[in-house]
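*Asks:* Structure below; questions to follow.
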Amino acid sequence: MRRLTTNAMLISLSLILFFVEGLLPPLFLPPGAKFGLANIVTLAALYLLSEVDALIILATRIFFAGMFAGSPSVIFFSVSGGLLSLAAMILLKRTKKFSIVGVSAAGGFFHNVGQIFAAVFFMGTQKIFFYLPILGTCGIFIGVLIGLLSKEILNHLPPRNI
């Protein structure tokens, strides 16, 4: 019951961050790029809880965010980026050779790779791959920021036995 409650609270937090991010102006980001504030929760869950919990939190957030604020195509793009990102982060974390910041940076990059592949599939043209250097660089930069925020948050949390 404690695990279910913890996951429910983290899903709620990630949805709040998703909606708050929607209120922010894109400032310096290229089209298609986002800050990914909700990924702080996914990354924290990956380090605090388990890979399965991180997947549950990510998938549930994508589903509800897509239902409340998007469309089936938004869910398709989010799933493509989110699952590839999480898979990359899990693999790098397991190596124990990367810090949380490095894991997050890779997650940011692979999120954009997944979305580019989804766009190629959805739009039927491979010309979209030319946008990967822009989105990929942005994903790495934002991933570093998310990793630094997550590291700081985790450093201020007491150890958990969940």
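*Asks:* Hey, what do the phi angles of segment 74-81 turn into as Karplus ³J(HN,Hα) couplings, whole Hz, using 6.51/-1.76/1.60 and θ = phi - 60°, x for Gly and Pro?
*Replies:* Running phi through 6.51 cos²θ - 1.76 cosθ + 1.60 with θ = phi - 60° gives 5, 4, 4, 5, 5, 5, 4, x Hz.
*Asks:* Say each of Lys97 and Glu152 gets a label point 7 Å from the Cα, pointing the same way as Cα to Cβ; how far apart are those two points in nm?
*Replies:* 3.0 nm
*Asks:* For the chain, what does -39500 (n - 2.57) per DSSP helix run (n ≥ 4), summed and divided by total residues, give at 222 nm, in deg cm²/dmol to the nearest 500?
*Replies:* Per the formula, -26000 deg cm²/dmol.
*Asks:* At Ser73 and Val144, where each label point lies 7 Å from the Cα along Cα→Cβ, what is the point-to-point distance in nanometres?
*Replies:* 3.3 nm
*Asks:* Which trypsin sites (Lys or Arg not before Pro) does segment 94-162 hold that lie in a coil by DSSP with at most 12 other beta carbons within 10 Å?
*Replies:* Here the sparse-neighbourhood loop sites are Lys96, Lys97, Arg160.
*Asks:* Pulled fully out, how much extra length does the chain show between Glu51 and Ile16, if you take 0.36 nm times their separation in residues and subtract their Cα-Cα distance?
*Replies:* 10.4 nm
*Asks:* Just want to confirm a number: the relative contact order over the chain, from Cα pairs under 8 angstrom separated by 6+ residues, in percent.
*Replies:* After rounding, I find 24 percent.
*Asks:* So what are the ³J(HN,Hα) numbers for segment 148-158, from phi and the Karplus equation (6.51, -1.76, 1.60; θ = phi - 60°), rounded to whole Hz, Gly and Pro as x?
*Replies:* Result, ordered by residue: 5, 4, 5, 4, 5, 4, 5, 5, 9, 9, x Hz.
*Asks:* Computed FRET efficiency, Cβ-Cβ of Val120 and Leu4, R0 30 Å: what is it to the nearest 0.05?
*Replies:* About 0.20, to the nearest 0.05.
All of the numbers you see were taken from the coordinates with simple rules; none came from a lab. Fair warning: this is a prediction, and the values are worked out from it, not measured in the lab. As a convention, Cβ positions derive from the backbone with ideal geometry for all residues, glycine included, and neighbour counts pool all protein chains shown.
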